[in-house]
1. Within segment 171-187, take every residue that is farther than 17 Å from VAL222 by Cα and crowded, with 21+ Cβ neighbours inside 10 Å and give me the one that is modelled with the highest pLDDT.
2. Test of understanding: among PRO58, PRO74, which residue is of a type outside the set (Ser, Thr, Tyr) and touching a strand residue (DSSP E or B) at 6+ places or on another chain (Cβ under 7 Å)?
3. Within segment 226-251, track down each residue that is in contact with a Leu (Cβ under 8 Å, 6 or more places away or on another chain) and under 23 Å from LYS26 (Cβ atoms).
4. Can you pull out the residues in segment 9-32 that are touching a strand residue (DSSP E or B) at 6+ places or on another chain (Cβ under 7 Å) and over 17 Å from ILE215 (Cβ atoms)?
5. Among the residues of segment 188-237, count how many are more than 14 Å from the chain's Cα centre (by Cα), among the hydroxyl-bearing types (Ser, Thr, Tyr) and surrounded by fewer than 18 Cβ atoms within 10 Å (Cβ to Cβ).
Amino acid sequence: MNFQLNNVPLRTQKPRKNGLTMVMDKGLSVRQAEDLVAVGAAYIDFVKLGWTTAYITPKLEEKLAVYRDAGVAPYFGGTLFEAFIIRNQFDDFLRLLEKYQLGYAEISDGSITMPHEEKCEYIAKVAQHATVISEIGSKDNTKIMAPYKWISLMKAELEAGTWRLIAESRESGNVGLYRESGEVRQGLVDEILNEIPNEKIIWEAPLKSQQVYFIHLLGPNVNLGNISTNEIIALETTRLGLRGDTFHNFI
């Protein structure tokens, strides 16, 4: 920090297991990635190359190296996994993890339909090659799951070998955990937290109001994901109670 302020909450330090921040890279250039880590490396734990952007990103290996050298773990969005699965290319997906030396892999079924037992089998298989982060929830805003279903799926995926669960919102923040307006489905969140340890969940929260909700609810060291690349410093000040929305949280 650049100067001293009292009554600022302690943030977990990297490498950390809680208080994680996952940033969504929707197509940054290598130079933009360098600028991102120059400002935010201390505050970013993961960068997800959103959906299937890794397929067409120029200088992909160079950009991945920028993140790794800054102590930020890159991984590819779960939609890319789904793109391989629907084409019957699972072995190619495993080779992809090896080729790009990815220590983390996201497994999801937000765009395709598969039996949940099959998804859990994929989680178990991929967990032999990388640390698995699995995503719960559909990208289709017409598919609304009851809380008991979320909880059942989450428990099964943890048992299958998932390291952290991602609670779906898309980059728009209006599906899954959220209503179409972006409002949090508070009853859903409460029921999940009654059954699933908070530290096991990365709550996708692309909108400021959603980030503020989870910081109010679970404190500065809540795991948050799908954060915009230009919101890193803003989010960290919100976590620390140094922004109007959380200003009085820790005084």
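The values are calculated or read from the model by the stated rules, or taken from the named source; none is laboratory data. Quick caveat: nothing in here was measured; it's all calculated off a predicted structure. Using ideal geometry, Cβ is built from the backbone for each residue, glycine included, and neighbour counts are taken over all protein chains shown.
1. In this case the residue turns out to be TYR178.
2. Values: PRO58 fails: touching a strand residue (DSSP E or B) at 6+ places or on another chain (Cβ under 7 Å).
Result: PRO74 is the single residue among PRO58, PRO74 that is of a type outside the set (Ser, Thr, Tyr) and touching a strand residue (DSSP E or B) at 6+ places or on another chain (Cβ under 7 Å).
3. Matches in segment 226-251: ILE227, THR229, ILE232, LEU235.
4. We begin by selecting, within segment 9-32, every residue touching a strand residue (DSSP E or B) at 6+ places or on another chain (Cβ under 7 Å); these are 20-25.
Correct list: MET24, ASP25.
5. 2
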